[in-house]
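The values are calculated or read from the model by the stated rules, or taken from the named source; none is laboratory data. Here the structure is a predicted model, which means the values were calculated and not measured. Every residue, glycine among them, receives a Cβ derived from its backbone with ideal geometry; neighbour counts consider all protein chains shown. Side chains included, ligands, DNA and RNA excluded: accessible areas come from the protein's heavy atoms. Shrake-Rupley method; radii C 1.70, N 1.55, O 1.52, S 1.80 Å.
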Amino acid sequence: MIQLKTKALQKQLRYSLNRLDPIQDAQETALWSDYEMIGRCYYYLRDERATEYLQQAAVLLVQRQSRTIEPRTSHALFTNAASWFAAANLYRLVGDATSMRACLASVRAVESSPLWKDWPKPLEGYWDLLALAALMDGDAPQALIYDAKIAALPQREDPDRPWSGRLAEAIVHADASAIRAIGDELHGILTRYHGKPWDTTYLNLWDWYALTDQMAAEVERAAVPAA
């Protein structure tokens, strides 16, 4: 596991809290990402206040999504789905499985949109997002179906197989070593590109790095014969 730098987390936390206070004092609406950043710092500092801030970030993000007009382009469709995915992940972090699944349902619903094939070029990213949503929803077999759709595309932006598909395959086959190998790759990416645990992108690789360890441990426990 990557060793978290406590001082860096505390420094970022102070910065984020100072940024949030003036917004509240001016009676303006704080961004959901402000709350998420604070919540993530608390989360990795193992501080119980993480739940309050992450929950608030999720609520603000869902409220924003409820006010968003119906997407009219495939790009807007992807942005909308990515926001629902981000909200689902926040609910996952605070242990609210019901709200998480409700948000994931909104992600997975975009597949039925008539805008889905209007812009063929980003379909690879769309299928990958759906695969990630299926994985978060505990549906690795469905994630493999999306992975096959990516493999069948006549043109690919990235010739390498997405790690979402590889992870789904490893889970389906209960291959803990393969899951941990993917975790090692994510470790390399985070180290190489200086990924921060407080990043508020819809796809925070810190979360998936931690999830690979969790998934591998679950597979390993299931493989141990009952006493």
Kindly indicate whether any position in region 131-144 is closer than 22 Å to GLU70 by Cβ and either among the small types (Gly, Ala, Ser) or open to solvent by 40 Å² or more (accessible area, probe 1.4 Å) (or both). yes
LEU90 being more than 18 Å from LEU61 (Cα to Cα), crowded, with 22+ Cβ neighbours inside 10 Å and within 13 Å of the chain's Cα centre (by Cα): no
Take the residues of region 47-72 that are of a type in the set (A, V, I, L, M) and surrounded by 15 or more Cβ atoms within 10 Å (Cβ to Cβ): which is farthest from TRP32 (Cα to Cα)? ALA50
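Residue-wise test of (1) outside any helix (DSSP H, G or I); (2) of a type in the set (Lys, Arg); (3) at pLDDT below 90.
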residue: ASP158; (1), (2), (3): yes, no, yes
residue: ARG166; (1), (2), (3): no, yes, no
residue: GLU169; (1), (2), (3): no, no, no
residue: ARG180; (1), (2), (3): no, yes, no
residue: LEU186; (1), (2), (3): no, no, no
residue: TYR202; (1), (2), (3): yes, no, yes
residue: TRP208; (1), (2), (3): no, no, no
residue: VAL219; (1), (2), (3): no, no, no
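The rows are residues; the columns are (1) of a type in the set (D, E, K, R); (2) touching a residue at least 12 places away in the same chain (Cβ under 8 Å).
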{"residue": "PRO154", "(1), (2)": "no, no"}
{"residue": "ASP160", "(1), (2)": "yes, no"}
{"residue": "ALA170", "(1), (2)": "no, yes"}
{"residue": "ASP175", "(1), (2)": "yes, yes"}
{"residue": "THR191", "(1), (2)": "no, yes"}
{"residue": "GLY195", "(1), (2)": "no, no"}
{"residue": "TRP206", "(1), (2)": "no, yes"}
{"residue": "ASP213", "(1), (2)": "yes, yes"}
{"residue": "ALA222", "(1), (2)": "no, yes"}
Across region 94-111, the tally of residues that are open to solvent by less than 50 Å² (accessible area, probe 1.4 Å) and either touching a residue at least 24 places away in the same chain (Cβ under 8 Å) or not in a helix (DSSP H, G or I) (or both) stands at 9
How many residues does region 43-63 hold that are over 18 Å from the mean Cα position of the chain (by Cα) and in a helix (DSSP H, G or I)? 2
Here are ALA152, ALA223, ALA174: which of them is surrounded by fewer than 18 Cβ atoms within 10 Å (Cβ to Cβ), modelled with pLDDT of 90 or more and of a type outside the set (Val, Ile, Thr)? ALA174
Can you report the number of residues in region 18-46 which are at pLDDT 80 or above and loosely packed, with under 15 Cβ neighbours inside 10 Å? 3
